[in-house]
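The structure appears below as structure tokens.
Here, each number is a calculation from the coordinates, and none is a lab measurement. Note that this is a predicted model, so its numbers are computed, not measured. Cβ placement follows ideal geometry from the backbone for every residue including glycine, while neighbour counts extend to all protein chains displayed.
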Amino acid sequence: MVAATTTWFYACLAEDVPENGGVCVKYNNEQIALFHFARLNEWYATQNECPHRNQMALSRGMIGTQGDEPKVACPFHKKTFSLKTGECLSGDECAIKTYAVKVEDGKVYIAIPG
């Protein structure tokens, strides 16, 4: 659920994000990984920083599913994270931030709480 104090910022055009892939966008000083999961016809956004080694890499990770859960795998360490909840699916106690995404008229917007 998106809080009333949420700011939706314009991230990019939908066509700028590869199908079944991701890109990195900046909002102020924050890097956000934006994913177009075309197979599911869904969009997801997470922090770009992998918490395992603090590398800005998740936007370059591979997306897929674990059961019915959409996930992203860090390209360096193969740690996997839920694109819905941010929970680490590799058994570690770390997690990542997730953001709501909407697409309107071919433009992608990401919700920033607060």
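Each residue of segment 93-108 was assigned a 3J(HN,Hα) from its phi angle through the Karplus expression (A = 6.51, B = -1.76, C = 1.60, θ = phi - 60°), giving 8, 7, 8, 10, 6, 10, 9, 6, 10, 9, 10, 9, 6, x, 10, 9 Hz with x at Gly and Pro. Counted by Cβ distance under 10 Å from Ser82, the other residues give a net charge of 0, where Lys and Arg count +1 and Asp and Glu count -1. Summing +1 for each Lys or Arg and -1 for each Asp or Glu among the other residues whose beta-carbon sits under 15 angstrom from that of Gly64 gives +2. Building the convex hull from the alpha-carbon atoms of segment 7-112 and averaging its projection over directions returns 6.2 nm².
Each of Gln66, His52, Gly114 was placed along the dipole of the chain (beta-carbon charges, centred on the mean Cα), and the one lying farthest toward the positive end is His52. For the chain, the number of Lys pairs with C-alpha atoms closer than 15 Å, counting only pairs eight or more positions apart or on separate chains, is 7. Other residues within the sphere of radius under 9 Å centred on the Cβ of Pro51, judged by their own Cβ, net out at 0 (K and R +1, D and E -1). Here's the picture: charge each Lys and Arg Cβ at +1 and each Asp and Glu Cβ at -1 in the chain, and of Pro18, Trp8, Thr80 the one pushed furthest to the positive end of that dipole is Thr80. A cysteine counts as unpartnered when no other cysteine's C-beta lies under 4.7 Å of its own; in the chain this applies to Cys12, Cys24, Cys88, Cys94.
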